[in-house]
Amino acid sequence: MNTISIDQLEASRFYWARRKPNTTATTAEPGDIEVVKVSTMFGAASEFWTVAVVGSDEHFDLAAFEFLHKVPSPPQAAQHRPNLTVISASSHQVGG
């Protein structure tokens, strides 16, 4: 199975991933496939990114995982997008 290299990861994206052996995993055994998020909690620059395990507060080094596939974002239909209107402050009349 092809894996996604660390330099191809995107911040704040979810991935299917597998822990590599010899990590201090407490919620899953090495070899289990799980959903993880590339976290920017410790900084926006890629050298500060960590792997956040979904459903826990655990963060791991990116090198502790093999990234298998991006979890696709759900499609967003046009009718479900918020309909926002911009109103400038100068368009309001104050007082009578």
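Laboratory data are not the source of any read-out in this text; all were calculated from the coordinates shown. Quick caveat: nothing in here was measured; it's all calculated off a predicted structure. Because the Cβ atoms are built from the backbone with ideal geometry, glycine has one as well, and the counts that use them run over all protein chains shown.
With R₀ fixed at 25 Å, the C-beta to C-beta distance from S73 to E47 puts the FRET efficiency at about 0.50. When the convex hull of its Cα atoms is viewed from all sides, the stretch 6-72 shows a mean projected area of 4.2 nm². By how many nm would the segment from S56 to E34 grow when fully extended, if each residue of separation counts as 0.36 nm and the alpha-carbon distance is taken off? Separation in residues times 0.36 nm, less the Cα-Cα distance, equals 6.7 nm. Based on C-alpha pairs under 8 angstrom that are at least 6 apart in sequence, the stretch 6-72 has a relative contact order of 39 percent.
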